[in-house]
1. Taking the stretch 137-176, which residues are closer than 15 Å to residue 88 by Cβ and either in contact with a strand residue (DSSP E or B) (Cβ under 6 Å, 6 or more places away or on another chain) or not in a helix (DSSP H, G or I) (or both)?
2. Only residues that are in contact (Cβ under 8 Å) with a residue 60 or more places away in the chain and under 29 Å from residue 151 (Cα atoms): list them for the stretch 63-85, please.
3. With the condition kept exactly as written, say whether any residue in the stretch 51-64 is among the polar types (S, T, N, Q) and modelled with pLDDT of 90 or more.
4. Of all residues in the stretch 1-50, count the ones that are modelled with pLDDT of 70 or more and on the phi > 0 side of the Ramachandran plot.
5. For a quick check of your reading of the model, give me the residue pairs whose first member lies in the stretch 40-62 and is within 28 Å of residue 15 (Cα to Cα), whose second is in a helix (DSSP H, G or I) and aliphatic (A, V, I, L, M), with beta-carbon atoms closer than 7 Å and at least 6 apart or on different chains.
6. For the stretch 43-83, enumerate the residues that are assigned to a helix (DSSP H, G or I) and among the small types (Gly, Ala, Ser).
7. Considering the stretch 71-92 alone, what residues qualify as being buried (at least 18 other Cβ atoms within 10 Å of the Cβ) and of a type in the set (S, T, N, Q)?
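The values are calculated or read from the model by the stated rules, or taken from the named source; none is laboratory data. These figures come from a predicted structure and were not determined experimentally. Every residue, glycine among them, receives a Cβ derived from its backbone with ideal geometry; neighbour counts consider all protein chains shown.
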Amino acid sequence: MKIVYGRLLEMVEKAFAKDKPLFSLAMYYPLAYAKKPTDNPDVKESFDINRQKQLVRLIRILFLKRFESSAFAFQTSCQELLLKMLAFVTKNSNTESEKKRLERWLGQHAELIGYVKEKQLEMFDNKPDEDSEDIITPGMLKDVDQLSIEDYDVDEIIQETYLDMDEIVRFLEELKQFKPTNDDKLKALAKILKTDPVLSKQKLFP
């Protein structure tokens, strides 16, 4: 795998290090940033904490599985997660300084954001909206929770989310260099489809 993935493999190994993963996924575990945590949470709170912990763990596992699957699958997952994080930051950026920071981040990564939007339009006819300059649609924002600044340290969650987005950007920049012809797994799949006596009759390949 290192022959094909090279530097990307090292980046993924570092990002998902067990001691302190670079993917904090704080937006999926807001209870870790509660302003008034309790030493003895009740049954419901304990359930919610465990559920959020398990969700974060599941997302990390799915990302690794997607990486093991193919570069294209991993790229698609990175794009989807980046959009979800951008929607979260957009929904929870309420002050002028927070909005300016988001605008600056989008400006700094305008080329990549345009690339992601183009890829999303290729996969989904109207996600995001082709006629809109904004990559985050009202529908995406509707699916995001707006956290209470009274209950959670929203500033810290947003900060952690920016760090996660920066990590995803590094992945996507590296993945932009990949072509289907460079992916051994995709080439192996193509070979199977070409040589399978049933599938080959479907003319999936020229």
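1. Result: 137, 143, 144, 145, 146, 147, 148, 149, 152, 153.
2. Once the filter is applied, which keeps residues that are in contact (Cβ under 8 Å) with a residue 60 or more places away in the chain and under 29 Å from residue 151 (Cα atoms), the stretch 63-85 yields 81, 82, 84, 85.
3. Checked against the condition, which is being among the polar types (S, T, N, Q) and modelled with pLDDT of 90 or more, the stretch 51-64 yields at least one hit.
4. The qualifying residues number 1.
5. Pairs that qualify, where the first residue is within 28 Å of residue 15 (Cα to Cα) and the partner is in a helix (DSSP H, G or I) and aliphatic (A, V, I, L, M), are 48/31; 49/31; 52/31.
6. 46, 69, 71, 73, 77
7. Within the stretch 71-92, 75, 77, 79, 90, 92 meet the criteria.
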